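Okay, so here's the structure we're looking at.
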Amino acid sequence: MKFKSKIDYSILIVILTPALYFLYEVGKKYVEANTINYGGIITFIIYSALIYTAYLGTSYSIQNDKLIITALFLKSSFSIAEIKEIRKTKTILSAPALSLDRIAITFENYDRLVISPRDLEKFIRMLREINSKIEVSLD
């Protein structure tokens with residue numbers, strides 16, 4: 001089953017602000033010098049496409065006994081049997097999570113993964129169907 005990432009639009013605004021400022025500068029240069037900055041326009045399009053892809057492509061899949069994280073062009077796989085704990089977190093560290101409403105998944109080897117699935121209850125229920133030993137603390 002595939003779960004999309006919850007989206008926090010305040011993060012989107014923070015990410016898009018530099019792109020919009022860059023576009024403003026390209027437009028301002030056009031108005032002042034009446035020249036088109038093709039490099040700037042191409043850079044803006046590539047940056048915007050990456051953001052768009054990240055927002056559409058970030059997901060979490062449960063397949064058999066694996067948790068598969070897809071973010072941008074990267075895919076990572078984790079064993080659900082090794083999940084020890086799931087708890088709420090407010091960390092702002094970089095993570096495949098498009099919302100500040102996040103959970104931290106701790107594995108037996110002490111690795112930690114921060115994500116933000118849209119349907120959290122169903123996501124946790126499906127993980128616990130595979131590994132009933134997962135401790136959950138969402139307070």
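The values are calculated or read from the model by the stated rules, or taken from the named source; none is laboratory data. What you see is a predicted model; the values in this text were computed from it and never measured. Backbone-built Cβ (ideal geometry, glycine too); neighbour counts: all protein chains shown.
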Among the residues of segment 35-55, are any exposed (fewer than 15 other Cβ atoms within 10 Å of the Cβ), at pLDDT 85 or above and on the phi > 0 side of the Ramachandran plot? no
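Of the residues Y30, Y24, which single one is surrounded by 11 or more Cβ atoms within 10 Å (Cβ to Cβ), among the hydroxyl-bearing types (S, T, Y) and farther than 30 Å from D65 by Cα?
The unique qualifying residue is Y30.
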Within segment 83-111, residues surrounded by fewer than 16 Cβ atoms within 10 Å (Cβ to Cβ), of a type outside the set (A, V, I, L, M, F, W, C) and free of Cβ contacts under 8 Å to residues at least 40 places away in the same chain come out as K90, T91, S94, E108, N109, Y110, D111
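Can you go through A19, A81, A54 and tell me which one is small (G, A, S), out of contact with any Gly (no Cβ under 6 Å at 6 or more places or on another chain) and closer than 25 Å to K133 by Cα?
Details: A19 fails: closer than 25 Å to K133 by Cα; A54 fails: closer than 25 Å to K133 by Cα.
Exactly one of A19, A81, A54 is small (G, A, S), out of contact with any Gly (no Cβ under 6 Å at 6 or more places or on another chain) and closer than 25 Å to K133 by Cα, namely A81.
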Scanning segment 64-75 residue by residue, the ones that are modelled with pLDDT under 95, in a strand (DSSP E or B) and either basic (K, R) or more than 16 Å from L98 (Cβ to Cβ) (or both) total 1
Of (1) assigned to a helix (DSSP H, G or I); (2) touching a residue at least 12 places away in the same chain (Cβ under 8 Å), S61 satisfies every one except (1)
- Query: Does any residue of segment 21-43 turn out to be among the charged types (D, E, K, R) and in a loop (DSSP other than H, G, I, E, B)?
  - Reply: no
Filter segment 87-139 for residues that are more than 25 Å from V14 (Cα to Cα) and among the acidic types (D, E); the one that is modelled with the lowest pLDDT is D139
Given (1) assigned to a loop (DSSP other than H, G, I, E, B); (2) surrounded by 11 or more Cβ atoms within 10 Å (Cβ to Cβ); (3) over 18 Å from the mean Cα position of the chain (by Cα), K122 misses just (1)
**Message:** Taking the criterion of being more than 24 Å from F123 (Cβ to Cβ) and either in contact with a strand residue (DSSP E or B) (Cβ under 7 Å, 6 or more places away or on another chain) or among the hydrophobic types (A, V, I, L, M, F, W, C) (or both), would at least one residue in segment 52-67 satisfy it?
**Reply:** no
